[in-house]
Amino acid sequence: MVNKPWWQTTTIYQVYPRSFKDSNNDGIGDIRGIISKLDYIKDLGFETIWISPFFSSPQADWGYDVSDYYGITPEYGDRTDVEELIRAVHQRGMRILFDLVMNHTSIEHPWFQESRNSRDNPKRDWYIWRSGRGNRPPNNWMAIPGGSGWHYDKRTDQWYYASFLPFQPDLNYYNSEVKSAMFDVARYWLNKGVDGFRLDIFHSIFKDNQFRNNPSTFRYLPTDDLSSGWFQKWDYNLNRPEAIVLAKELREIVDDSNPEGLLIGEVYGSDEKIKSYLGDRNDGLNMVFLWKLDKLEICARFFRNVLLEYEAQYPLPYTPVFVYGNHDLRRLFSKIGPDVRFAKILALYQFTVRGVPVTYYGEEIGMLDGNFSARNARDPMGARFSWIPDILVNKLGFYINRDGCRTPMQWDNTDNAGFCSADAQPWLPVHQDYESINVKSELACPDSILNVYKGLLHLRRENTVLREGTLDILDEADGSHNLLAYRRNYKHESVLVVINFSDRAREFKNVTKCKRVLFTVGMDKQGNPEEFDFPPYSGVILGDSW
Ligand code: GLC
């Protein structure tokens, strides 16, 4: 029997390099810092690391604005450090993913500097330049964060397009030189040993080449699936059919260098649109991030529905991705409130369902968002919208100042939480709760969130049923009693997971053959496996054979 590719069963830990660990006490996390913490990630039990960008960049969007895809921003280290990082990850039997920002470069990238020089510059067509309609931009397309996506450049009296912020001009992938330049970048890092890429805003990589206006809607605020907003349907600037073709081409490039390489796309749109990136014959990206767990409710019905949807949309050999947070979203623990039991049952779910779990650094200790006003934002998104009163932002449920989820990792209870030395000034203030919420103290406490993550990750690594099994949801726990139960099945073995999402104790009659307690959260291991009494917010994993 052919083994599944590694990425179908892996577990991913996202590192935001600026905030993870500072090795030289300049207050900024760096590559050497990450290397020094690889054993931590490995001991926790994660198998793959995804690192947000550290390439040369003016850091206007903290690395998501690249000025040289082959260079490294000096405050993070140099190429030797990066090569050492790849080696050190592999030595530990783990995999490493880089973050490829293909859609746009920094305004400081030499390609753009040349492109903006003159209308007949050989690099002119590497970006998207158009003449305006009189004083107005070439068409009505809005940038994803709002405002026109077009920016006027006096030098050549034309406008360039940027899907995100004005200093991130979009590349023109209709130009074959651009495509091959970016494919070279991918090949270069694959040949250095990288196991794949997370693809930044891949849904915006192609824009309509006839520049048709987007149709209007009454919808001002962006929809949850981000297919419309700012009074328009984003039909012509996002999720264009050419992007799917590019996904397949990119897949071939990866396959040539590393047939096991992984491409995981950051794409937004309707369920159908985002699935289309995987290719009609499963020949596109390997996986896409799924966002249904971002706005979650602590109730069995919610988590059951997500499972039903993902199972229906991503049956084998597709692999759904289970993600609660990242460097753009409010932290999980800030979303769900201060009850550690929530964090534990959510981890139980994330690591036992069929698919790939992705954990954002700090989630495993229950880190909270820093509380910053947008007025002093270091995040360019926060700064751009700092005129909107915080009270309104919170009311609308928007997450505008992403500084909150990017505060330094809390390693211990010393000043600056072990991220950098006490006399250094961290680039963002350490969260005030670091004395109680930190790795060191949670490692020492058997019942901490961290130890629940660790236990689950280790169990999953050893248990083929949890890694590879199919999933079926048990009818008897249909969410009405706030209990969720599902079984994973592999060959003749099964594992049963039952989670009580209720604030009350619940009984569960176990009619399955799974009677052997493998793991519990929020309850005693010695319960009666025929008839469980679940305390509020608790759960169990049961196996059926020794
Ligand atoms: C993605 C990144 C985000 C960045 C944006 C522009 O959404 O996750 O951090 O600001 O793309 O590159």
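A few remarks follow.
- Subset tally (residues that are within 12 Å of F206 (Cα to Cα) and touching a Lys or Arg at 6+ places or on another chain (Cβ under 9 Å)) for region 243-280: 1
- Residue match in region 125-137 (condition: more than 25 Å from K233 (Cα to Cα) and surrounded by fewer than 17 Cβ atoms within 10 Å (Cβ to Cβ)): yes
- Considering only residues in region 89-104 that are over 19 Å from Y16 (Cα atoms) and within 16 Å of the ligand (Cβ to nearest atom), the one that is farthest from the chain's Cα centre (by Cα) turns out to be H104.
- Whichever residue in region 394-410 is more than 16 Å from the ligand (Cβ to nearest atom) and surrounded by 20 or more Cβ atoms within 10 Å (Cβ to Cβ) and, among such residues, is nearest to I49 (Cα to Cα): M409
- Within region 1-26, the set of residues being of a type in the set (A, V, I, L, M, F, W, C) and assigned to a helix (DSSP H, G or I) comprises W6, W7, F20.
- Members of region 507-544 that are under 35 Å from the mean Cα position of the chain (by Cα) and exposed (fewer than 13 other Cβ atoms within 10 Å of the Cβ): D524, K525
- Among the conditions (1) free of Cβ contacts under 8 Å to residues at least 12 places away in the same chain; (2) closer than 22 Å to S56 by Cα, the only one that G134 does not satisfy is (2).
- Residues located in region 16-56, provided they are more than 20 Å from H431 (Cα to Cα), within 16 Å of the ligand (Cβ to nearest atom) and within 21 Å of the chain's Cα centre (by Cα): W50, I51, S52, P53, F54, F55
- Listing of helices (runs of 4 or more DSSP H) fully contained in region 290-393 that carry 2 or more residues being under 27 Å from S270 (Cα atoms) and within 16 Å of the ligand (Cβ to nearest atom): 380-384
- The single condition among (1) free of Cβ contacts under 8 Å to residues at least 60 places away in the same chain; (2) on the phi < 0 side of the Ramachandran plot that I365 does not meet is (1).
- Residue within region 204-211 that is under 20 Å from Y69 (Cβ atoms), in a loop (DSSP other than H, G, I, E, B) and β-branched (V, I, T) present: yes
- Extreme residue, nearest to L238 (Cα to Cα), among residues of region 166-218 that are among the basic types (K, R) and within 16 Å of the ligand (Cβ to nearest atom): K207
- Every condition in (1) within 16 Å of the ligand (Cβ to nearest atom); (2) among the charged types (D, E, K, R); (3) without any contact (Cβ under 8 Å) to a residue 60 or more places away in the chain; (4) surrounded by 19 or more Cβ atoms within 10 Å (Cβ to Cβ) is met by D65 except one, and the failing one is (3).
FYI, it's all coordinate maths here, none of it is from the lab. Because the structure is predicted, anything quoted here is derived from the model rather than measured. With ideal geometry, Cβ positions are generated from the backbone for all residues, glycine too; neighbour counts draw on all protein chains shown.
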